[in-house]
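Chemist: One structure is given below, represented as structure tokens, and several questions about it will come after.
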Amino acid sequence: MSLKVQVTDLNKSFGSNHVLKGIDLDVQNNEVVVIIGPSGSGKSTLLRCLNRLETPTSGKIVIDNVDISDPKADINRVRQNIGMVFQHFNLFNNMTVAENIMLAPMELKGETESQAADQAHKLLQQVGLDEKFDAKIQSLSGGQQQRVAIARALAMNPDIMLFDEPTSALDPEMVGDVLEVMKDLAKQGMTMVVVTHEMGFAKEVADRVIFADEGKILEQGKPNEIFGNPQNPRLKDFLNKVLNV
Amino acid sequence: MKKWLLMTLGFVACFIGLATTFSPNQNVQAAKTYTIGTDVTYPPFEFANKENKYVGIDVDLMKAVAKEEGFKVNIKTMGFNAAVQAMEAGQIDGVIAGMMITPARQQKFDFSAPYYNSGVVMAVGKNSTIKNFSQLKGKRVALKTGTAAATFANSIKDKYGFKTVTFDDSNNMYEDVATGNSVACFDDQPVLQYAIQHGEKLKLATKPQTSGAYGFAVKKGANQELLAKFNAGYKKLKANGTYQKIVKKYVGSTSGIPKASVAVAATTKGTQSAKNPNVAGKTFNIGTDVTFPPFEFANNSNEYVGIDMDLMRAIAKNQGFKVQIKPLGFNAAVQALESGQIDGTIAGMSITDERKQKFDFSDPYFQSGVVMAVAKESSVKSLSQLKGKKVAVKTGTAGADYANSIKDKYGFKTVTFDDSNNMYQDVVTGNSVACFEDSPVMQYGIKQGTKLKIVTDPAEKGDYGFAVKKGVNQDLLAAFNAGLKNLKANGEYNKITSKYLGSKQNNAESAAKSNNADTEDRSFFGLIKQNKGALWSGFKETMWLTIVSIFFATVFGVIVGLLGVAPGKFGKGLSSTLIYIFRGMPLLVLALFIYTGIPSLTGSKIPAFIAGVVTLTLNEGAYTAAFVKGGIEAVDTGQMEAARSLGLPYGKSMRKVILPQGIKIMVPSFINQFIITLKDTSILSIIGLLELTQTGKIIIARNLEGFKVWTIIALIYLIVITLLTWLSNWVQRRMNA
């Protein structure tokens, strides 16, 4: 196993609000890391720092041997290798399903329209939505939108996927389809960092679960250790609340 | 990103290009052209007549002086205050605008000799009982900004306890009194008198309260040679009666002319009064001009020939008397006639009321006027076909004055020549499409082989007459009339004129017919029909201003707006500052600042059109920038994050994802801003642009039909705005489809 992501002493403040307090985190190739923790713990901020949607206040983030915390790093190039899926999907409202997926390959890889369309068909088949190829975004349900968003994130053939609470904005009956797509990705060996409240997903799919609270990683380990034998009192408290609803 | 930059540079280049095209070309011609500012609406001193040509005592005097002194004037009707400010800023060379010479003004300007005596009078509604100032207590009084009358009224208002309300032009002030909003107004006596004569429902309530005089002004210490020329020319015009003629034409009497300088050459007792009623066998001395072809000029053998000469001799022959022709020059001949040195004058002299005071005229023997001539094979037939073309004129001629007076209206440029032949050649070779010349002179030129043809009826018509001193030489006059009648009857008159003018000549008979179409149709549609030329050109100016301004305002606004959302503190700061300044400044102030303020700072002139476009670009552009910024900010931030997370650079994300969504949000604001820009062009009338609103002001100044004309103007704006709204709805529907 080789090192894919290495985060060293990462700090992030929004004004006087110190959100991340010295995070150290390694992600291996093909590893699926699930980050859990209460709201406001800094999980999403940590994830967004990994493709520099948030600029770290201090610390170092190395992805595939590129130091992306260095302002001189070609961040647009690095991002092509990192797919990101948002809580609110963020599909481009001015485009069809296919155009959403085809935009980046055509603009950045110089693919022709037919090449990009072929790939878009494949990706839509992968997420089970090929019949929506020409649909407008507004005509899709939330679950469908999120699956299109995953297809879009995959269009640049990234080798890391970041998921920022991908199911939190969905109606419960939609969650399953999205999680199925994510499980498939994990099986194919995609390196994944997932911020989620889906404990079932974490137990089943994660290679490692990280518990973060108040800007720090308080505990991490294999799913059975975290869920079966939590050590940190705050983790115990958290699991009590989320599992015994 | 590069494309944007290129486009921006392109627009900037366009702008600069446009600016240079419009920049004033100084000293191109040898004959100096002075730009003289005047008021738009100050009859009888300046106003547009039915043909929308600027006339009035000031305008005529200025033109006459220019002609006399051999310079050219470009009269700009910009409104009194704007003219005064433009002169202070050095935008124009002088102001003649019924401006009272006051100590305060003398601090800033150098004035000519006074050319018109005036005084402030109070006028009230026709049925008003107000007769003196004490009756004004607690009432409202209308004034016009910046006039001596306003100063006077303000100086007594505390004493008599009245309130004042201020208007920008006389017509609005009169209307305020006529409608009863105000009980009285103060204005200069000749102006009020003229307005009342022409139908304002007011009456004078007081005698002139202050005495003062109008003067022509230049900026203090500047343009002294122009001032000197004006004084010299004015003196001459007064001496030869031209000025009296001008004044009389407008106010009926010459009592307003200052008597400071000696008016006309002293009259000596007639020495050669005819005692014999029978002219037969007598010899008369007839004065004429030195050279005024085709009326009088020396031929190859140095004999005086021409229409006047041939006609005079033919009549003498017909009536059995003899003539001694004395080519004295026009002015000298007129003066010699007055002093009785000669018996009669025939010198292509127009019959005018002023001259009739001193002379007895024969029946008109020739009608003259300014005509337009074009190359033989040219298809140009009317003035409106001259748009954007070059027209040749000869310095100091009535044709040149006429061409200059209509060139803005018809949108042509003039090029000036010093002699007729060069002017004709310029048209023959096709450099210019047309030229303007007195009809007989032109006809004569064509007769002489110039390859041109006359395509318009004579404008500015005038009848020529033979003159004797008033009350003297009546037998000669009678003989002239009788002879003229005989020559016309036996065809000899036609022979003479066609000898010089070719087959198609004008004679006085045709003049009589055309002079009666004087009554204006004051109905709504009559007004539209009558003023359609002026309204159309005003409308075009408005549309042109609107389109050019919308273009630049949109470019400016989009750039500033994008700067406001782009990362980087400098851009954001610059954007906010620009929006803050130009959105925060009233359009009127901005227009005046740019038109009169900038030239004061930099010393270089800005053409009014450019100043207007810049004003609108900055003001409307600031609003545009604000909603462009707002529109982009209204797009969900997640859209940008998603685009960036795919690895798309900022510019691409903006263009492909954010702008298409932002523009959809902005479209209604854009349409709204276009409509506002169209309406805001009306404010630019303040810097003298002849757009629709200014056109309305000018028409009203002439016919005083405020309600109807403003209704017409309002309807034109509404129609355009309706069309624009339809267009916008269509665009919006298409975008949402």
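Taken together, the values in this text are just the output of simple stated rules run on the coordinates, not laboratory data. Source: prediction; values computed, not measured. Here the Cβ positions follow ideal geometry from the backbone for every residue, glycine too, while neighbour counts run over all protein chains shown.
Chemist: On a 23 Å Cα-Cα criterion, which of the cross-link pairs B:63/B:229; A:21/A:183; B:131/B:163; B:72/B:540 come out too long?
Modeler: Too far apart for the 23 Å limit: A:21/A:183; B:72/B:540.
Chemist: Also, quick follow-up: Averaged across the residues of A:83-96, what count of C-beta atoms belonging to other chains lies within 10 Å of each residue's C-beta?
Modeler: Mean inter-chain Cβ contacts per residue within 10 Å come to 5.
Chemist: From the square roots a ≥ b ≥ c of the eigenvalues of the alpha-carbon gyration tensor of region B:142-181, which class results: rounded (a/c under 1.5), prolate (a/b over b/c), or oblate?
Modeler: Taking the square roots of the gyration eigenvalues as a ≥ b ≥ c, region B:142-181 is oblate.
Chemist: Search the structure for amide H atoms under 5 Å from the amide H of residue A:191, placed 1.01 Å from N in the peptide plane, and list their residues when 5 or more places away or on another chain.
Modeler: Sorted by chain and number, the residues that satisfy this are A:30, A:161.
Chemist: May I ask which residue of B:351, B:114, B:617 lies farthest towards the positive end of the charge dipole of the protein assembly as shown, with charges of +1 (Lys, Arg) and -1 (Asp, Glu) on Cβ and the Cα centre as origin?
Modeler: B:351
Chemist: If you don't mind, there's one more thing I want to ask. Express the Stokes-Einstein translational diffusion coefficient of the protein assembly as shown in µm² s⁻¹, to the nearest whole number, given a Kirkwood radius over alpha-carbon pairs, 20 °C and a viscosity of 1.002 mPa s.
Modeler: The Stokes-Einstein estimate is 61 µm²/s.
Chemist: Compute the relative contact order of chain B as a whole-number percentage, counting only Cα pairs closer than 8 Å that sit 6 or more residues apart in sequence.
Modeler: Reported relative contact order: 13 percent.
Chemist: What longest region of chain B stays clear of trypsin sites (Lys or Arg not before Pro) that DSSP places outside H, G, I, E and B and that have at most 10 other Cβ atoms within 10 Å?
Modeler: It runs B:505-737.
Chemist: While we're here: Within a 10 angstrom radius of the beta carbon, how do A:177, B:438, B:158 rank from fewest other beta carbons to most?
Modeler: Going from least to most buried by this count: B:158, A:177, B:438.
Chemist: Between residue B:76 and residues 5 or more places away or on another chain, which pairs have amide H atoms under 5 Å apart, with H built 1.01 Å from N, and which residues are they?
Modeler: For residue B:76, the qualifying residues are B:36, B:37, B:38.
Chemist: Note the angle between two axes, namely the Cα long axis of helix B:224-240 and the longest principal axis of the Cα atoms of chain B, as a number of degrees from 0 to 90, rounded to the nearest 10.
Modeler: Relative to chain B, helix B:224-240 is tipped by roughly 30 degrees.
Chemist: Sticking with this structure for a sec: State the Cα centre-to-centre distance between region A:1-65 and region B:518-577 in whole Å.
Modeler: 54 Å
Chemist: Let me ask you something else. Give B:409/B:453; B:207/B:532; B:317/B:470; B:76/B:376; B:413/B:461; A:132/B:572 a once-over and call out the pairs whose C-alpha atoms are over 30 Å from each other.
Modeler: B:207/B:532; B:76/B:376; A:132/B:572
Chemist: Give a residue-ordered list of calculated ³J(HN,Hα) values for region B:544-551 (Karplus: 6.51 cos²θ - 1.76 cosθ + 1.60, θ = phi - 60°; whole Hz; x for Gly, Pro).
Modeler: Karplus values, whole Hz, x for Gly and Pro: 4, 4, 4, 5, 4, 5, 4, 4.
Chemist: A further question follows. Enumerate the calculated ³J(HN,Hα) couplings along region B:599-615 in order (Karplus 6.51 cos²θ - 1.76 cosθ + 1.60, θ = phi - 60°), each rounded to whole Hz, writing x wherever the residue is Gly or Pro.
Modeler: Coupling constants for region B:599-615: x, 5, 6, 9, x, 10, 6, 10, x, 4, 5, 4, 4, x, 5, 4, 4 Hz.
Chemist: Ok, one more. Lysine pairs in region B:599-737 with Cα distance under 23 Å, only those 8 or more apart or on different chains: how many are there?
Modeler: For region B:599-737, qualifying lysine pairs total 8.
Chemist: May I pose another question? For residue B:235, list the aspartates and glutamates whose Cα falls under 18 Å from its own Cα; do not include residues on the same chain fewer than 8 positions away.
Modeler: The reachable aspartates and glutamates, counting only those whose Cα sits under 18 Å from residue B:235, are B:58, B:60, B:68, B:69, B:110, B:225, B:354.
Chemist: Please compute, for peptide B:634-645, the average count of beta-carbon atoms on other protein chains lying within 10 Å of each residue's beta-carbon.
Modeler: 6
Chemist: Something else: Would you mind telling me the antiparallel percentage of the DSSP bridges in the protein assembly as shown, rounded to 5?
Modeler: So the antiparallel bridges amount to about 55 percent of the total.
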